[in-house]
């Protein structure tokens, strides 16, 4: 990224930290909703070269919740934010376990008519169903042209 990434737990609804080893540690929420992101302060990142590519990462976790993972474009405060995501959960195509598991998610699966010249969160997480407050860990996040 062109700027330092900022972990942001939206309205304190969950926890998000970056460990010394570069692992993103998310503690899922238990309230009516939860969400967090690794945000890019200032101008968003231009990822238009990856429109036909992949969002790659490794994930593990103890949560049995369903949650969305993806990237965001635009800004909430400006009314331009678009969430681009897939859903992870016990009954979904994408699942987490106690062991690290790699994923290469096609941008076409995530893409919701976003402005890829203005990616403001390189990865975000938001609760979908059955919130349990259990952890998710993510590492090796990158965008690529090929798997």
Computed Rg/Rh of the chain, alpha carbon atoms with Kirkwood Rh: 0.93
Distance between modelled label sites at residue 62 and residue 108, nm, 7 Å Cα→Cβ extension: 3.9 nm
Additional length obtainable on full extension of the chain from residue 11 to residue 32, 0.36 nm per residue less Cα span: 6.4 nm
Residues 20, 139, 51 arranged by fewest to most Cβ contacts within 10 Å: 20, 51, 139
Whole-number percent relative contact order across the range 6-144, with pairs defined as alpha carbons under 8 Å at least 6 apart: 38 percent
Simple label model, 7 Å out from Cα along Cβ direction - residue 18 to residue 132, nm: 2.9 nm
GNM flexibility winner over the chain from 133, 35, 79 (Cα, springs under 10 Å): 79
Separation of alpha-carbon centers, the range 77-147 and the range 1-61, rounded to whole Å: 9 Å
GNM flexibility winner over the chain from 111, 54, 94 (Cα, springs under 10 Å): 94
Label point distance in nm, residue 86-residue 101, each placed 7 Å from Cα along Cα→Cβ: 1.1 nm
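We did not get these values from a lab; they are worked out from the coordinates using the rules stated. These numbers come from a predicted model, not from an experiment. Heads up, the Cβs are rebuilt from the backbone with ideal geometry, glycines too, and the neighbour counts pull from every protein chain shown.
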